[in-house]
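Here's the structure, in structure tokens; my notes come after.
The values are calculated or read from the model by the stated rules, or taken from the named source; none is laboratory data. Note that the structure is predicted; figures quoted are calculated from it, not measured. All Cβ positions, glycine included, derive from the backbone under ideal geometry; neighbour counts span all protein chains shown.
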Amino acid sequence: MRAFVVGLLIAFAGCSTSATSIDRLADEYVLLAFALDRHDPGFLDAYLGAAAPTVPELSLEAILERTASALAKLGELESPRRPFLMQQLEALARRARGLSGRELGFDEELRESYGVTPPPRRTEAEARAVIEAVSFQPGPPIAPDRLDEHVRESLAECRRRSESVMELPEEETVELRYVRGQAWSAFHGYLGDFRSVVSINRDVQWTEAQLLEAVCHESYPGHHAVAVLTEARLVRERGLREHAVVTHPSPRAFLMERIARAGFAKAFPEHPRPERVLAPFAVEGARRYVDGELDRVATVIWLEKNALMADGWTFLQFVDRYRSFVMAYSYRDGEDIFDDLLDEWMETSDAS
């Protein structure tokens, strides 16, 4: 890995006089992802390399110029890695342009930033029909003083079940943290070297079913496991430098979210979570809010009535930051789709 880091720094400094290669353009993409994260904290969702590179201060204009130059050079190369790298550079450029200009509408953002076809519009009449047809009872809330116990039990079971789904390095590990005052219920942060932090929001009134899915989603075989596999197989073993960063918004980030959701269905097929049928109505509320069709208060009312959401205010804090990305949480991916999604994530070539 030391050679990889040194190579990055040489490429970043522009010292190499050799002909343009796919590796040098991959290094440039990594640098630009770090540079844009300074303007848009959170754009760099995860770094899977050995050590973060030293990144110069770049304006949005300079980032766009260098991205355009990289795309032009990439177009002149023949490599199986080119489509993925072009997709990611184009997503980076769209985000940079969005920070300095007009934000896209909900449906337009899904198409342009994530490569996703927008869902059909949903009505209140459809919501009422679904609510009347589906009966589910959320379990009793977990006592606050027993939250850590339940989290650790869930983490151990998620890891145990994931062993039949994917093989991970022995040294991988997950650290647990507890937080308050966040718009999200649980969050995964990758530390590198096969280590992650999973944060659990104590403000949430967790049920056992909700907590189990959240822990699985963030750890095994969800975000942590996928990040570990990516670092081990793509970055370390195959030297595919463009996979050392996961950026958001991008089609890659959307795919990772779908893998984490399908991973729970794969590991726990006996937990169908019937309330997921209401997720499209939460997405519809977010769309009307993002597009200005409903103000904040009216959106909360929509969410309470049509998605049976207990805390629409907190949900809108999430929408304020991630906008149309909430669509990634509405898929009802079953266990049968997990392997296909993971194969899509890992399917790449190191030929150049």
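Couple of notes before you dig in:
- The condition (being of a type in the set (A, V, I, L, M), modelled with pLDDT under 95 and farther than 21 Å from Arg82 by Cβ) is satisfied by just one residue among Ala225, Ala253, Ala232, Ala262: Ala262.
- Test: residue in the range 60-76 that is outside any helix (DSSP H, G or I) and either touching a residue at least 24 places away in the same chain (Cβ under 8 Å) or over 20 Å from the mean Cα position of the chain (by Cα) (or both): yes
- When His243 is tested against (1) under 21 Å from Asp193 (Cβ atoms); (2) outside any helix (DSSP H, G or I), just one condition goes unmet, and that condition is (2).
- Residue identified as under 17 Å from the mean Cα position of the chain (by Cα), at pLDDT 90 or above, crowded, with 21+ Cβ neighbours inside 10 Å and within 20 Å of Met256 (Cα to Cα) among Leu92, Leu85, Leu44: Leu92
- Complete set of residues in the range 266-281 that are of a type in the set (A, V, I, L, M, F, W, C) and buried (at least 22 other Cβ atoms within 10 Å of the Cβ): Ala267, Phe281
- Every residue from the range 235-260 that is within 12 Å of Ala33 (Cα to Cα), out of contact with any Phe, Trp or Tyr (no Cβ under 7 Å at 6 or more places or on another chain) and not hydroxyl-bearing (Ser, Thr, Tyr): His243, Val246
- The range 179-207: number of residues that are farther than 20 Å from Asp311 by Cα and assigned to a strand (DSSP E or B): 9
- Cβ pairs under 9 Å, 6+ apart, first in the range 128-152 and loosely packed, with under 11 Cβ neighbours inside 10 Å, second hydrophobic (A, V, I, L, M, F, W, C): Ala133/Val277
- Top-ranked residue in the range 13-41 [being more than 30 Å from Glu103 (Cα to Cα) and surrounded by 13 or more Cβ atoms within 10 Å (Cβ to Cβ); ranked as modelled with the lowest pLDDT]: Ser16
- Some residue of the range 161-172 being outside any loop (DSSP other than H, G, I, E, B), surrounded by fewer than 16 Cβ atoms within 10 Å (Cβ to Cβ) and among the hydroxyl-bearing types (Ser, Thr, Tyr): no
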